[in-house]
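The values are calculated or read from the model by the stated rules, or taken from the named source; none is laboratory data. As the structure is a computational prediction, the values presented were derived from the model and not from experiment. Here the Cβ positions follow ideal geometry from the backbone for every residue, glycine too, while neighbour counts run over all protein chains shown. Surface areas here come from the heavy atoms of the whole protein model, side chains and all, with no ligands, DNA or RNA. Shrake-Rupley method; radii C 1.70, N 1.55, O 1.52, S 1.80 Å.
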Amino acid sequence: MEVKKLTRDNLGDVILLYNKMIETLPNRFWYKDMSAVAFEKLIADGCLFGAFLDSGKMVGLSALELDVPDYRVSDEFMSPELKLGEIGYFIVDEKFRGQGIINKINLELLKIAKSVGFNALCAGIHPSNISAIKAFSKLGKLEYVGSDRMDRSYPAVILGVRI
């Protein structure tokens, strides 16, 4: 399995993978709607990475965003030297879930985060998305950062890890 930064050439596969994932969710109305334009921005910003089989098929993706939303960070997580990045958009083809694909991508993103000076990462995750919480916990000890109501009525718990 190869992990690489996605380009505009991958946009069609990204949208296909996202749409397939959304169809499998029992409560998809809780999850953020993503448009082609939003994915194009992530690609243009160099934030979106994918996992590819030897055949060239993309089976998962995740993103490291350098422009972190203005989260209200908890006093327990905050420190004067905190440089916070955000990781998210954990998507894996249903046939390949449970095989550590997001973990492989996120470990690459962790290296990049460290190389640009981040010392902590956060993720806004729907509280019922146990697999995303587990995947994020593979990067370090989870800490509560805060909560947010993202797009529409999407409630998210903001979790953090120090790296």
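One table, with the values for the structure above:
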| item | result |
| --- | --- |
| Pairs beyond 21 Å (Cα-Cα), from LYS4/LYS141; LYS83/LYS114; LYS20/LYS57; LYS57/LYS138; LYS20/LYS111; LYS20/LYS95 | LYS4/LYS141; LYS57/LYS138; LYS20/LYS111 |
| Estimated 222 nm signal from helices in the chain, with DSSP H stretches of n ≥ 4 weighted -39500 (n - 2.57), rounded to 500 | -8500 deg cm²/dmol |
| GLU143 paired with LEU82, simple spin-label distance in nm, labels 7 Å along Cα-to-beta-carbon | 0.7 nm |
| Whole-percent carbon and sulfur share, accessible surface of the chain, 1.4 Å | 52 percent |
| Environment charge at PHE77 (Cβ cut-off 10 Å; Lys +1, Arg +1, Asp -1, Glu -1) | -2 |
| Against the rule of thumb 2.2 N^0.38 Å, how large the Cα Rg of the range 88-147 comes out | 1.14 |
| Solvent-accessible heavy-atom area per residue, rounded to whole Å², over the chain at 1.4 Å | 54 Å² |
| The range 82-163 - percent relative contact order, Cα under 8 Å, separation 6 or more | 33 percent |
| FRET efficiency, LEU11 to ARG97 (Cβ-Cβ, R0 22 Å, nearest 0.05) | 0.45 |
| The chain - share of DSSP beta bridges that are antiparallel (%, nearest 5) | 90 percent |
| Percent of C-alpha pairs per 5 Å bin, the range 74-115, short to long | 5, 17, 22, 17, 15, 12, 7, 4, 1 |
| Relative contact order computed over the chain (Cα-Cα under 8 Å; 6+ residues apart), in percent | 22 percent |
